[in-house]
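Some notes on the structure that comes next.
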Amino acid sequence: MQEEGLLDVEKSPIKFGGRARVSKNTLNELGIDNGDQVVVSSESKDILVTIFSDDLLDDRVIRLREDDRKKLDVEEGQTVKIARHKKLLKGDFLDNLL
């Protein structure tokens, strides 16, 4: 299971950001649960979105909304990196410090 992965951007027709969709297989490969927060990164910026599975998407594709594509400065067909969001005050991060 990978901690992060590279995905190809597909346009979502929805304008308002904050949510993205990937295939269930991609979620499983990355060890991410439906409804988790993830960090999506382009070459110049990072954003935090809630991720959901979509059975209509191909593997290794992320469907990003218009506002999120603008924030990341990416277009359809470009590649972004996705990684599970590690919370600072709960679980993962504190467990690694102790």
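The values are calculated or read from the model by the stated rules, or taken from the named source; none is laboratory data. Please read all numbers here as calculations on a predicted model, not as lab measurements. A quick note on method: Cβ atoms are made from the backbone with ideal geometry, for glycine too, and the neighbour counts reach across all protein chains shown. The accessibility values were calculated without ligands, DNA or RNA, using every heavy atom of the protein model including side chains. Shrake-Rupley method; radii C 1.70, N 1.55, O 1.52, S 1.80 Å.
Cross-link pairs exceeding 22 Å in C-alpha to C-alpha distance, out of 11/86; 45/87; 11/87; 11/71; 24/71; 11/45, comprise 11/86; 11/87; 24/71.
Net charge around residue 56, counting only other residues with Cβ within less than 13 Å of its Cβ (Lys, Arg = +1; Asp, Glu = -1)?
Residues close to residue 56 contribute a combined charge of -2.
Over all other residues within a Cβ to Cβ distance under 9 Å of residue 69, the charged ones net out to -2, with Lys and Arg as +1 and Asp and Glu as -1. For residue 15, go through the aspartates and glutamates and keep the ones whose alpha-carbon is under 20 Å away, minus same-chain ones fewer than eight residues off. Within reach: 46, 54, 66, 67, 68, 73, 75, 76. Accessible area ranking (1.4 Å probe, heavy atoms, ligands and nucleic acids excluded), largest first, for 43, 10: 43, 10. The label-point distance for residue 66 and residue 87, in a model that sets each label 7 Å from Cα toward Cβ, rounds to 3.3 nm.
Take the chain with all the other protein chains still there, run a 1.4 Å probe, and you get 65 Å² of accessible area per residue. 3J(HN,Hα) couplings calculated from phi for region 7-15 with the Karplus curve 6.51 cos²θ - 1.76 cosθ + 1.60 (θ = phi - 60°) are, in sequence order, 10, 7, 7, 10, 6, 9, x, 7, 7 Hz; Gly and Pro show x.
Taking every C-alpha pair closer than 8 Å and separated by at least 6 residues, the mean separation divided by the residue count of region 1-93 gives a relative contact order of 44 percent.
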